[in-house]
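The values are calculated or read from the model by the stated rules, or taken from the named source; none is laboratory data. What you see is a predicted model; the values in this text were computed from it and never measured. Here the Cβ positions follow ideal geometry from the backbone for every residue, glycine too, while neighbour counts run over all protein chains shown.
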Amino acid sequence: MMITPAHTTSRLAPWHWRDGFWGLLIGAACSLSLFVLQPLLLQAWHAVVSLWSQPLGLALTPLPQDAPPPSQTLMLSTSTVVALLYVLAGYWHERYRPLRVVVRALCLVQGSACLFFAWVPARFPYAVHQHLSGLLQMGADFLMTVPLMLALGWGVLHLPWRLKLLGPLLVVAYFMVWLPHQVLLHAWVLHHGSVLFMPVLLLCLGPLLNGWIFVALYAWLASLTPRTVNRTGAL
Amino acid sequence: MVLERSRPSVTSSATPSASSWHRWVLWLVLLAGLPLLWSERNALMAWAAPQPHGVVLLIPDDNARAHPVTQAWLDAAQEEGLPLTPMTSDRFVHAVARRESITGVLVPDTVHRHASDVWVQALETHVRRGGHALLSFDAALFGLHQQGYAAPASRLSRLIGFRYALYDALQQDTIALTPVLVHREAQSRMAIQPGKVDFKAPLAQALQPLGEWGELTTYGYAHLMYPHFRSEGPRDAQVWIRSPEGDPVLSLRGHGQGSVLFANLPLGYLKTRTDGYLLHRLLSHFARSVLELPVLSAAPQGIGGLVLNLHVDSNAAEQPMLALEQAGWFEQGPFSIHVTAGPDTFREGDRLGLNMPHNPRMQHLLNRLQAQGHEIGNHGGWVHNVFGEQASDDNADRFVPWLALNQKTLSTIVGQRLVSYSAPMGNHPDWVTAWLREHDFRAYYTAGDSGLGPTRAYRQGRPPAPGTPWAFPISNLQRIATLDELPELGAPETLISEFIRDLAQHVSAQGIVRLFYFHPASAPDYPQSLSVLQQTARALEQQGRFRWYSMQALADFLDRRLAVQWQIQAPADGDMARLHAHSATSLQGMTWVLPKGKAQGLHLSVGQAEIVEDPDQWRVIAGDVQQITLHWQQRQE
């Protein structure tokens with residue numbers, strides 16, 4: 001049995017139900033605030049998108065502008081790249097297996113999009129402005145759940161209340177900056193590329209990517225958590 | 001250790017693992033596929049190469065081909081001599097993506113309400129690159145799987161040059177129903193025929209500057225009302241037709257290197273409801289003026305003319321007919337002379353009819369006229385006004401015998417079966433058309449589609465059944481169409497005299513055929529008009545620019561014309577443009593009209609045809625052959 005150094009055990013008290021209660025309360029309060037402030041938040045995000053869209057030469061209106069249907073060259077080059085990437089991923093070393101899975105999943109999604117546009121391009125039912133506004137709305141909804149999710153998975157631990165407040169705030173602040181810029185990135189790709197990339201952007205580089213980022217940030221927060229001791233002083 | 005390690009590798013090369021087998025199979029399949037690809041290389045190259053397209057009618061998918069409105073567009077194009085092929089939305093997006101050449105794009109109303117943003121963007125891209133498009137009304141208003149408007153204003157607004165279809169803002173007032181006003185310049189550019197536009201109508205007089213706009217009219221209605229989308233904001237388009245409130249109803253706009261003609265009217269729908277005039281006019285204008293394409297003329301030798309349809313419906317017509325004969329009026333022609341043969345006119349027993357079975361004078365007259373080459377036809381149901389006022393959709397049993405009796409009586413008198421018909425008082429229930437079809441009639445006069453040439457008339461949204469006779473619409477002068485209706489306009493005879501002269505000159509200049517009709521009974525009251533008609537026709541005829549056509553002869557020609565298959569092959573760089581036409585019977589008299597400024601160096605490589613040079617066009621008149629191939633140098637833009 002390892003003995004915990006005295007200077008550590010002296011700082012940490014054992015977990016108590018109040019830790020969980022206050023953690024949940026802080027998380028719920030943050031989420032509620034974000035729910036109430038969501039219209040303002042969306043307004044601010046739209047302003048950010050508009051601010052950047054001009055220097056980037058993007059015309060973001062409900063009218064379908066500047067999101068051309070994929071040209072034959074783009075279709076062929078994308079299909080070739082997707083096929084090559086899929087095959088090449090098979091030759092990567094075994095230690096890159098997670099990356100291979102991710103790359104091949106991206107290839108499958110993009111390959112499906114290429115097939116769709118090669119077969120029935122006019123039946124692609126989504127519009128660029130719908131994609132972008134949908135992404136913003138999904139981002140805002142996701143952001144609202146972030147504090148609560150953090151509270152349930154991390155905030156209920158025995159932590160200083162300042163940390164319980166600061167952690168979610170930092171994560172929320174990160175997403176508040178990231179999400180509108182993610183939308184801008186999508187808009188830029190769709191504008192300079194084509195709607196051919198909309199499926200992969202939505203399915204892989206939209207909410208799913210945000211979920212992964214959240215998991216990464218959660219892991220980072222969890223790594224900051226001081227180790228807890230039991231009543232006997234053992235870990 | 002070394003031996004132990006080497007054993008598995010020896011074993012694995014002798015007995016391949018499952019994954020090795022898969023790879024071997026994959027390679028074998030690929031190797032086996034190579035010869036197949038090589039043998040089909042030509043087909044693959046052809047598939048991959050950009051395909052040139054002629055004028056295309058965009059439809060959402062193959063199912064839309066059978067829609068009556070699609071058929072209406074195709075029929076109208078065929079009648080205007082424009083080769084038109086349906087193209088699905090997917091094929092169109094492919095064509096734009098592959099930068100395939102498309103001569104012209106038509107987007108119909110009603111059948112193409114739903115469209116994706118990709119399609120809208122493809123259309124915009126096509127026009128921006130130099131394509132020409134004719135769009136109609138509600139094209140692309142809805143999203144692909146939506147039953148509502150896709151955007152606060154039509155997604156085509158930017159292309160068209162103004163915001164319209166503003167459902168979010170206007171709700172029930174999104175569409176207005178009003179008369180429409182035609183700009184004087186548009187009347188001439190679109191070759192809208194005399195009598196269709198009334199520049200002295202009160203609505204037109206209310207607009208400044210005076211005389212610039214005129215109300216579009218039709219036969220029998222105080223106002224011709226059209227549905228159109230309201231619009232808002234600045235208009236970056238040339239407006240040719242507008243509503244009294246100022247909403248554009250027909251507009252033209254250059255976009256990038258191309259142009260868009262937007263008809264804010266359900267053109268195809270209107271054609272299926274007996275008003276095809278604007279659809280036909282716009283198709284003709286688009287083909288001849290915007291695309292500058294060769295068109296297959298609807299007149300033999302491309303010589304325009306009139307069908308003069310005389311309605312001889314009571315004994316009041318007897319003396320005037322004889323007088324016209326004596327005056328030498330029937331030396332021109334052939335005319336289509338339609339007769340009501342019964343003994344009564346206004347009511348049964350009034351004895352005011354021609355009573356043809358017992359009227360030797362009229363019998364002899366008809367025989368003389370027929371011998372002169374005039375066409376004798378059936379003017380309906382035995383007792384003119386009773387049929388005209390009482391025949392309806394549900395009393396065919398009563399009136400079919402009258403039609404049959406009239407037919408039998410006149411056929412017996414002239415010694416041959418009559419094949420053209422006109423409805424007493426224009427009253428033409430659907431069962432009459434069915435009866436005409438069953439009795440192999442070739443043509444009938446109609447009060448619908450006024451201003452059009454002979455057409456396959458749609459009724460109540462349905463295309464005509466196969467074998468239905470050709471409909472010959474009347475040519476309207478504002479709200480009237482003949483001499484004895486002039487008092488309804490309260491205008492002097494000079495109005496209709498001028499109309500007749502202008503109409504004859506118009507059909508001559510345009511190389512088209514239109515119908516004008518009158519009742520000989522009214523001839524003594526309008527001597528000046530009939531004289532103008534006779535003199536104008538004779539003068540134009542002497543110049544070789546006018547002909548009289550009978551309904552039967554023209555119907556026969558139009559049937560032969562329908563059987564002509566033809567296509568234009570656009571020139572590749574430095575090549576000649578090529579037109580190939582063939583028919584299972586004969587191309588005799590079929591005439592292709594080519595704009596002179598666009599084509600030069602015409603010559604035939606196959607068949608026989610006469611190439612006639614007019615001041616502003618070429619006419620290629622086919623001889624009695626089954627196919628011709630024509631080449632010419634096309635002036636590039």
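Some values worked out for this structure:
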item: Residue check for B:Gly302: over 14 Å from B:Leu533 (Cα atoms) and either touching a strand residue (DSSP E or B) at 6+ places or on another chain (Cβ under 8 Å) or surrounded by 21 or more Cβ atoms within 10 Å (Cβ to Cβ) (or both); result: yes
item: Filter result for B:Ala151 (under 21 Å from B:Tyr226 (Cα atoms), part of a loop (DSSP other than H, G, I, E, B) and within 11 Å of another protein chain (Cβ to nearest Cβ)); result: no
item: Extreme residue, farthest from the chain's Cα centre (by Cα), among residues of the stretch A:144-157 that are part of a helix (DSSP H, G or I) and farther than 17 Å from A:Met176 by Cβ; result: A:Gly155
item: Among residues of the stretch B:55-74, those that are of a type outside the set (A, V, I, L, M) and buried (at least 24 other Cβ atoms within 10 Å of the Cβ), counted; result: 1
item: Near pairs, Cβ below 9 angstrom, 6+ apart or cross-chain, from the stretch B:499-513 (of a type in the set (Phe, Trp, Tyr)) to any residue that is assigned to a helix (DSSP H, G or I); result: B:Phe499/B:Ser529
item: Check on B:Ala140, out of contact with any Pro (no Cβ under 8 Å at 6 or more places or on another chain) and either in a loop (DSSP other than H, G, I, E, B) or within 14 Å of chain A (Cβ to nearest Cβ) (or both); result: yes
item: Conditions (1) over 25 Å from the mean Cα position of the chain (by Cα); (2) aliphatic (A, V, I, L, M); (3) within 21 Å of B:Leu135 (Cα to Cα): number failed by B:Ile241; result: (1)
item: The stretch A:175-216: number of residues that are of a type in the set (A, V, I, L, M, F, W, C), out of contact with any His (no Cβ under 6 Å at 6 or more places or on another chain), under 30 Å from A:Thr73 (Cβ atoms) and in a helix (DSSP H, G or I); result: 15
item: For B:Leu630: the one exception among (1) in contact with a His (Cβ under 9 Å, 6 or more places away or on another chain); (2) more than 13 Å from B:Pro294 (Cα to Cα); (3) touching a residue at least 40 places away in the same chain (Cβ under 8 Å); result: (2)
item: Entirely in the stretch B:168-223, the strands (runs of 3 or more DSSP E) that have 1 or more residues that are loosely packed, with under 13 Cβ neighbours inside 10 Å and not assigned by TED's automatic domain parsing to the domain that holds B:Leu495; result: B:175-179
item: Lone unmet requirement of (1) more than 8 Å from every other protein chain (Cβ to nearest Cβ); (2) surrounded by fewer than 24 Cβ atoms within 10 Å (Cβ to Cβ) for B:Ala133; result: (2)
item: Matching residues in the stretch B:474-501 - criterion: being polar (S, T, N, Q) and at positive phi; result: B:Gln478
item: Hey, B:Val105 in a helix (DSSP H, G or I), closer than 23 Å to A:Leu74 by Cβ and among the β-branched types (Val, Ile, Thr) or not; result: no
item: Residue within the stretch A:75-92 that is surrounded by 15 or more Cβ atoms within 10 Å (Cβ to Cβ) and facing chain B (nearest Cβ under 8 Å) present; result: yes
item: Residue in the stretch B:61-75 that is free of Cβ contacts under 8 Å to residues at least 40 places away in the same chain and more than 27 Å from the chain's Cα centre (by Cα) present; result: no
item: Qualifying positions in the stretch A:30-48 - assigned to a helix (DSSP H, G or I), farther than 18 Å from A:His181 by Cβ and free of Cβ contacts under 8 Å to residues at least 40 places away in the same chain; result: A:Leu32, A:Ser33, A:Val36, A:Pro39, A:Leu40
item: Matching residues in the stretch B:306-333 - criterion: being among the acidic types (Asp, Glu) and surrounded by 20 or more Cβ atoms within 10 Å (Cβ to Cβ); result: B:Asp313
item: Selection count, the stretch B:349-376, where residues are among the charged types (D, E, K, R), over 24 Å from B:Gln552 (Cα atoms) and surrounded by 13 or more Cβ atoms within 10 Å (Cβ to Cβ); result: 1
item: Condition met for B:Pro86 (under 25 Å from B:Gly148 (Cα atoms), more than 9 Å from chain A (Cβ to nearest Cβ), modelled with pLDDT of 95 or more and under 18 Å from the mean Cα position of the chain (by Cα)); result: no
item: Leading residue by the ranking (nearest to B:Tyr269 (Cα to Cα)) among those in the stretch B:451-473 that are within 12 Å of the chain's Cα centre (by Cα) and part of a loop (DSSP other than H, G, I, E, B); result: B:Tyr458
item: Condition check for B:Val93: in contact (Cβ under 8 Å) with a residue 60 or more places away in the chain, within 14 Å of chain A (Cβ to nearest Cβ) and either surrounded by fewer than 24 Cβ atoms within 10 Å (Cβ to Cβ) or assigned to a helix (DSSP H, G or I) (or both); result: no
item: Which numbered condition B:Val295 fails, given (1) within 16 Å of B:Leu530 (Cα to Cα); (2) crowded, with 22+ Cβ neighbours inside 10 Å; result: (1)
item: Candidates B:Leu159, B:Leu106, B:Leu177, B:Leu123, filtered to the one that is aliphatic (A, V, I, L, M) and touching a His at 6+ places or on another chain (Cβ under 7 Å); result: B:Leu159
item: Hits in the stretch B:154-167 - residues which are of a type outside the set (Phe, Trp, Tyr) and away from chain A (no Cβ under 11 Å); result: B:Ile160, B:Gly161, B:Ala165, B:Leu166
item: Counted residues, the stretch A:118-142 - those being assigned to a helix (DSSP H, G or I), at the interface with chain B (Cβ under 8 Å from one of its Cβ atoms) and crowded, with 18+ Cβ neighbours inside 10 Å; result: 4
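Here is a yes/no grid of residues against (1) over 30 Å from B:Tyr277 (Cα atoms); (2) not polar (S, T, N, Q):
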{"position": "B:Gly381", "(1), (2)": "no, yes"}
{"position": "B:Pro401", "(1), (2)": "yes, yes"}
{"position": "B:Ala404", "(1), (2)": "yes, yes"}
{"position": "B:Gln407", "(1), (2)": "yes, no"}
{"position": "B:Arg456", "(1), (2)": "no, yes"}
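Every residue, every condition in (1) closer than 20 Å to A:Leu37 by Cα; (2) over 19 Å from the mean Cα position of the chain (by Cα), yes or no:
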| residue | (1), (2) |
| --- | --- |
| A:Phe142 | yes, no |
| A:Leu159 | no, yes |
| A:Met176 | yes, no |
| A:Leu203 | no, no |
| A:Val215 | no, no |
| A:Ala222 | no, no |
